[in-house]
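**Q** Before anything else, here's the structure in question.
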Amino acid sequence: MRIIISTCVFLVLCSFSAAFDPLDPTGNITIKWDIMSWTPDGYVATVTMNNFQMYRHIQTPGWTLGWTWAKKEVIWSMVGAQTTEQGDCSKFKANVPHCCKKTPTVVDLLPGVPYNQQIANCCKGGVVAAWGQDPSAAVSAFQVSVGLAGTTNKTVKLPKNFTLLGPGPGYTCGPAKVVPPTTFLTPDRRRKTQALMTWNVTCTYSQFLATKHPSCCVSFSSFYNETITACPTCACGCENKNKCVKSESKLLSVVGVNTPKKDNSPLLQCTRHMCPVRVHWHVKQNYKDYWRAKVSVTNFNYRMNYTQWTLVVQHPNLNNVTQVFSFDYKPLVPYASINDTGMFYGMKFFNDLLMEAGPTGNVQSEVLLQKDQNTFTFKQGWAFPRKVYFNGDECILPPPESYPFLPNSTPKTLIAPLTLFISLCMFLLF
């Protein structure tokens, strides 16, 4: 019995820790339902999805939201979104609902739909920016008219079993909870109104649930050592090794080879690491009061463009960033006393799109950092990041013993065999 209880406790703790991001401890996606009016057999609600994650966005093909109705509700109509299936509506003779499924699945409308099908913050193909990158674009909304439901606060039954794909798995949603009604300001900002009823659903992300393998890796180099520390072999798994394409392959000239598949299966360039994305950190120059690093992000997936990409780096010297060239930069300070994490992202309309693998499939920048004479050193890999995230997923770093080292600081693992060899030679000589 003790073993069973211990196992259950361990699994519960693991599930909570897997969804906790130490660099963004309060990050989540909150889905808010505001009932704006009652109808003869239900209500009209505005559903708003706010992405409060600092550096994790929802990229194309966008979000997919699902839930289970508590009773026999139907969706009469929707504005700004649509369900993927109508379901069996054969019992309705005159007015046929938009969806009769017990478990509807909703997706955002694409840009360019007629104005009478739009509401504010809708119709972006499900793409939602990260809160830290662009708060104004970190929201998505739609309106739904629900029938065969309660018509008062006491008779309405909250939907349950919410699911969110963004665009793939990884999100876990909690139960809906009734909260104080949302208040709204009229256009002239002189009067407040409020929703008739409001409930929230909170969804958190876990990389462990999203993918079996990491989706990116990190390599290092420096001006003081010719060694290039490459990404670990098969850092992102080698299941696609037999399906990868060499950079000079004639297959890449075939029309449509870059078209994404419905299952989002990648077409990777053949590499040792087999990762869709590689981040390279190069310690470039050393000055009296400053030092400079070059950051490069390379895409090895021929079927994926990364829009509104983000790169998060944890390094103790990021508390003294002097200048960032050709990237936008924002410090991330989840804990007030620690300022060692920052987010890099592309400049709008310049390099905020990381193209598919090929000659244009990379973006790069340089960072100038001011030295703190009490902590700065090039020894023992201090100049390299502690953690790296691309698009919200943590990247695999090389093992510390493989980092480029200073010429006068040979690792102890190399000194011991060398010393033994010299001693043996001296012994044989004399």
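The values are calculated or read from the model by the stated rules, or taken from the named source; none is laboratory data. In this text the structure is predicted, and so the values were computed from the model without any measurement. No Cβ is skipped: glycine too gets one built from the backbone with ideal geometry, and neighbour counts run over all protein chains shown. Side chains included, ligands, DNA and RNA excluded: accessible areas come from the protein's heavy atoms. Shrake-Rupley method; radii C 1.70, N 1.55, O 1.52, S 1.80 Å.
**Q** Residues that are touching a helix residue (DSSP H, G or I) at 6+ places or on another chain (Cβ under 7 Å), aliphatic (A, V, I, L, M) and exposed (fewer than 15 other Cβ atoms within 10 Å of the Cβ): does the range 272-293 have at least one? Full working, then the answer.
**A** Kept after step one, since they are touching a helix residue (DSSP H, G or I) at 6+ places or on another chain (Cβ under 7 Å), are these residues of the range 272-293: 274.
If we keep only those that are aliphatic (A, V, I, L, M) too, we end up with 274.
Pick out the ones that are also exposed (fewer than 15 other Cβ atoms within 10 Å of the Cβ) and you get none.
Among the residues of the range 272-293, not one is touching a helix residue (DSSP H, G or I) at 6+ places or on another chain (Cβ under 7 Å), aliphatic (A, V, I, L, M) and exposed (fewer than 15 other Cβ atoms within 10 Å of the Cβ), which makes the answer no.
**Q** Next up: Here are some residues: 127, 113. Which one is open to solvent by 10 Å² or more (accessible area, probe 1.4 Å), hydrophobic (A, V, I, L, M, F, W, C) and within 23 Å of residue 207 (Cα to Cα)?
**A** Numbers: 113 fails: within 23 Å of residue 207 (Cα to Cα).
Checking each option against the conditions leaves just 127.
**Q** Out of (1) open to solvent by less than 50 Å² (accessible area, probe 1.4 Å); (2) under 22 Å from the mean Cα position of the chain (by Cα); (3) farther than 24 Å from residue 294 by Cβ, the odd one out for residue 249 is which?
**A** (2)
**Q** Follow-up. Considering only residues that are open to solvent by 40 Å² or more (accessible area, probe 1.4 Å) and of a type in the set (A, V, I, L, M, F, W, C), which ones fall in the range 354-375? Give the derivation first.
**A** Keep residues of the range 354-375 that are open to solvent by 40 Å² or more (accessible area, probe 1.4 Å), which gives 355-356, 359-360, 362, 364, 370, 372-375.
Passing the criteria: only 355.
**Q** Between a first residue in the range 226-238 that is without any contact (Cβ under 8 Å) to a residue 60 or more places away in the chain and a second residue that is of a type in the set (Lys, Arg), which pairs have beta carbons less than 9 Å apart while being 6 or more apart in sequence or on different chains?
**A** Partner pairs satisfying both residue conditions: 233/272; 234/241; 234/272; 237/212.
**Q** Which ones in the range 357-381 are in a loop (DSSP other than H, G, I, E, B) and either among the β-branched types (Val, Ile, Thr) or in contact (Cβ under 8 Å) with a residue 24 or more places away in the chain (or both)? Before you say what the answer is, go through the steps one by one.
**A** First, pick out the residues of the range 357-381 that are in a loop (DSSP other than H, G, I, E, B): 357-361, 371-378.
Listed by number, the residues that qualify are 357, 358, 360, 361, 371, 372, 375, 376, 377, 378.
**Q** In the range 79-96, which residues are open to solvent by 30 Å² or more (accessible area, probe 1.4 Å) and either touching a residue at least 60 places away in the same chain (Cβ under 8 Å) or under 26 Å from residue 177 (Cβ atoms) (or both)? Can you show your working first?
**A** Of the range 79-96, the ones open to solvent by 30 Å² or more (accessible area, probe 1.4 Å) are 79, 82, 84-88, 90-96.
79 - this is the single residue of the range 79-96 that is open to solvent by 30 Å² or more (accessible area, probe 1.4 Å) and either touching a residue at least 60 places away in the same chain (Cβ under 8 Å) or under 26 Å from residue 177 (Cβ atoms) (or both).
**Q** Of (1) open to solvent by 20 Å² or more (accessible area, probe 1.4 Å); (2) modelled with pLDDT under 95, residue 23 satisfies all except one. Which?
**A** The failed condition is (1).
**Q** Taking interchain pairs and intrachain pairs at least six residues apart, which have beta carbon atoms under 8 angstrom, with the first residue in the range 160-172 and of a type in the set (A, V, I, L, M) and the second assigned to a loop (DSSP other than H, G, I, E, B)?
**A** 164/63; 165/63
**Q** Go through the range 383-397 and give me each residue that's surrounded by fewer than 19 Cβ atoms within 10 Å (Cβ to Cβ) and outside any strand (DSSP E or B).
**A** 386
**Q** Let me ask another. Here are 107, 144, 47: which of them is assigned to a strand (DSSP E or B) and touching a Phe, Trp or Tyr at 6+ places or on another chain (Cβ under 7 Å)?
**A** The match here is 47.
**Q** Any idea which residue in the range 132-163 is most open to solvent (accessible area, probe 1.4 Å), counting only those that are under 20 Å from residue 392 (Cα atoms) and in contact with a Gly (Cβ under 8 Å, 6 or more places away or on another chain)?
**A** Residues of the range 132-163 under 20 Å from residue 392 (Cα atoms): 132-140, 163.
Filter once more, so that each one left must be in contact with a Gly (Cβ under 8 Å, 6 or more places away or on another chain): 140, 163.
On the way: 140: 3, 163: 78 Å².
Among them, the one singled out is 163.
**Q** Within the range 97-110, which residues are over 20 Å from residue 137 (Cα atoms) and either open to solvent by less than 80 Å² (accessible area, probe 1.4 Å) or in contact with a helix residue (DSSP H, G or I) (Cβ under 8 Å, 6 or more places away or on another chain) (or both)?
**A** Residues of the range 97-110 over 20 Å from residue 137 (Cα atoms): 97-105.
Passing the criteria: 97, 98, 99, 100, 101, 103, 104, 105.
**Q** Quick check, is residue 348 at pLDDT below 95 and either over 21 Å from residue 373 (Cα atoms) or assigned to a strand (DSSP E or B) (or both)? Spell out how you get there, then give the answer.
**A** Working: at pLDDT below 95: yes; either over 21 Å from residue 373 (Cα atoms) or assigned to a strand (DSSP E or B) (or both): yes.
Taking the combined requirement at face value, the residue satisfies it.
**Q** Test of understanding: among 74, 127, which residue is within 21 Å of the chain's Cα centre (by Cα) and in contact (Cβ under 8 Å) with a residue 24 or more places away in the chain? Even if it seems obvious, please write down each step before you answer.
**A** Details: 74 fails: within 21 Å of the chain's Cα centre (by Cα).
Result: 127 is the single residue among 74, 127 that is within 21 Å of the chain's Cα centre (by Cα) and in contact (Cβ under 8 Å) with a residue 24 or more places away in the chain.
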